[in-house]
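Just below is one structure, and these are the notes that go with it.
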Amino acid sequence: MIAHAIVFYIFSLIAIVSAIMVTVSKNTVNSVFFLILDFISISCLFIMIGAEFLGMIMLIVYVGAVAVLFLFVVMMLNVAQQKNEWFNSSGRSSHIPVGLLVSIIIFFELIIVIGGWKYKPDLLDSITIEINTDLTNTQSLGSVIYTDYIHLFQLSGMVLLVAMIGAIVLTFRQRSGVKRQSYFKQISRDRKDGIELVEVENNKGVKIDA
Amino acid sequence: MAELYIFFEQIYKILFLLIPVLVSVAMIVWLDRRVWAFVQKRRGPNVVGPFGLFQTLADALKYIFKEIIIPASSNKVIFILAPIVTMTLALIAWAVIPFSETFVLADINVGILYLFAVSSLGVYGIIMGGWASNSKYPFLGAIRSAAQMVSYEVSIGVIIINVLLCVGSLNLSDIVLAQEDLWFVIPLFPMFIIFFISALAETNRPPFDLPEAEAELVAGYQTEYSGMMYAMFWLGEYANILLMCAMGSILFLGGWLSPIDLFPFNIIPAPMWLILKILFLFILFALIKAIVPRYRYDQLMKLGWKIFLPFSLIYVVLTASFLMYFNLLPGS
């Protein structure tokens, strides 16, 4: 049990410190690396409370895909040189009130969640779906998501699809004059299309690409 | 006291697994070069030790004694971290590989997800190395590699779903035991082919080794690395290749199971079968390196997104409906 507690505190310490470092570090790429460290330690915490499926999916989706794209954008935009000037400037930034507002809202939401869980223990009994402890995480998630919550699940998929199509439409541009390769055309070519035998008359030559 | 005992027992088990993996990585490099040379009618490394077996050890020794050069304009912390990350990620994945029904370090519920997660983290070593070098070629190599690995992971994920549909569990031992009657390579043969090609792309092996295409990018993300740090990248890469071969043999070739339960086959111990299957897949990897020319980058992307992804998605639907129709779904 003690070992469990020690590991828990190590991971939560890493998570909190790296979350602070995301906002404080001067180099934007370093911020993203700290964000990744944060994701990893949080997924370790998920695994520690027995939510191994959630932890692994967090690793695969956030660290393996989302953060890679994030890092990609940050590196490509070359914001590495652009220093984080929040702490250097004399505080005349207009982003601070907005950030404060958002963080206050999140703070109160957290208080409500933790308060409800802490001071009303019977809140957990109001869950309508019974929890079967024999099943593994994955099985119980699957049996709920694909039956009781199928509409919500598909709706969230639709939202993601719409976002994806939107991103594609926004960045799509038709370029003219680009020679495209078609595998079918290449494979279905035969000798007749490629080679033409011509009798060339003397002193006249032939016209190519007429 | 008992806890201390468990601790040391685990350490012993980890060493018992890691040291053979590291040694076999060295041997596999030699095998790779030998197969390559064999295809091209050369001799390959044959001087150091019997059949040149110790060539890799000699190379490693050379790397240890070489100077580690850290470029002046690089981001030093990340530059040093990158090979360490690559190497560590390639080695920690071996924790869940089951060598037999009892011989597995960590028999976790979501073993296949763990493998997938660790292999998707592998891209960070490359990106970190490429970016921290603060130089054009490594950066381009890292960008290429990141896009390539993310693309092919998608199709590997869908292929894994195909296998999981037939098994009904995410545990690697369960996946192997489900193949007792029929290896999944037979009903899911097209998926095996796609998995194999995606594994080539995922480990940056030829014909998909664009991140280190020497004609365009010198050595890609490794350009600025030297000495032991380069060797660590190199070891991590080959450990990753072995891991992909192990994943392929567990998902499709029945892991530690022998092909038929008859006399000459079933006296061979179970871990041996897994090792033989890994070797078989690795020799295929090495042969492909020797005989297939490198892809162009747009062809690579087209293959991943426009051919493999739709095809494996359609195959998921086919597998699911087949199992549903004939009432073969596991656990029902």
Helix A:67-76 axis, angle to chain A major axis (alpha carbon atoms, nearest 10°): 60 degrees
Structure-based [θ]222 nm, chain A - -39500 (n - 2.57) summed over DSSP H runs of at least 4, per residue, nearest 500: -19500 deg cm²/dmol
Hits among lysines - C-alpha to C-alpha of A:K118 under 30 Å, sequence gap 8 or more where chains match: none
Listed residue (B:F139, A:I104, B:L17) projecting farthest to the positive dipole end of the protein assembly as shown, Cβ model: B:F139
Prolate/oblate/rounded call for the range A:1-84, Cα gyration tensor, a/c under 1.5 rounded: oblate
Chain B - percent relative contact order, Cα under 8 Å, separation 6 or more: 23 percent
Cα-centred dipole magnitude for the range B:74-325, charges only on beta-carbon of K, R (+1) and D, E (-1), debye, nearest 20: 640 debye
Under the span-like rule (Cα at least 30 Å along the axis, Kyte-Doolittle mean at least -0.5), DSSP H helices of chain B: B:2-39, B:136-167, B:227-251, B:270-291
Nearest-20 debye value, chain A charge dipole, Cβ charges on Lys, Arg, Asp, Glu: 1100 debye
Shielding by other protein chains, B:157-170, mean Cβ within 10 Å: 1
Net dipole in debye of the protein assembly as shown [+1 Lys, Arg Cβ; -1 Asp, Glu Cβ; about Cα centre; nearest 20]: 2180 debye
Unit charges at the beta carbon, dipole of the protein assembly as shown: most positive-side option, A:N203, B:S169, A:T136: A:N203
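Could you pull out the longest piece of chain A with no exposed loop trypsin sites (Lys or Arg not before Pro) in it, calling a site exposed if DSSP puts it outside H, G, I, E, B and it has at most 10 other Cβ atoms within 10 Å?
No qualifying site falls inside A:1-91, the longest such stretch.
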Among B:I283, B:L182, B:I160 the positive-end extreme of the charge dipole of chain B (Cβ point charges): B:I283
Cross-link pairs B:K277/B:K306; B:K62/B:K289; A:K185/B:K302; B:K76/B:K136 - those with Cα-Cα distance over 19 Å: B:K277/B:K306; B:K62/B:K289
Chain B: C-alpha pair distances exceeding 38 Å, %: 17 percent
Listed residues A:Q139, A:Q174, A:Q186, most fluctuating in chain A (Gaussian network, C-alpha, under 10 Å): A:Q186
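Rule-based calculations on the coordinates, nothing more; no lab input. Remember, predicted model here, so these are calculated numbers, not experimental data. All Cβ positions, glycine included, derive from the backbone under ideal geometry; neighbour counts span all protein chains shown.
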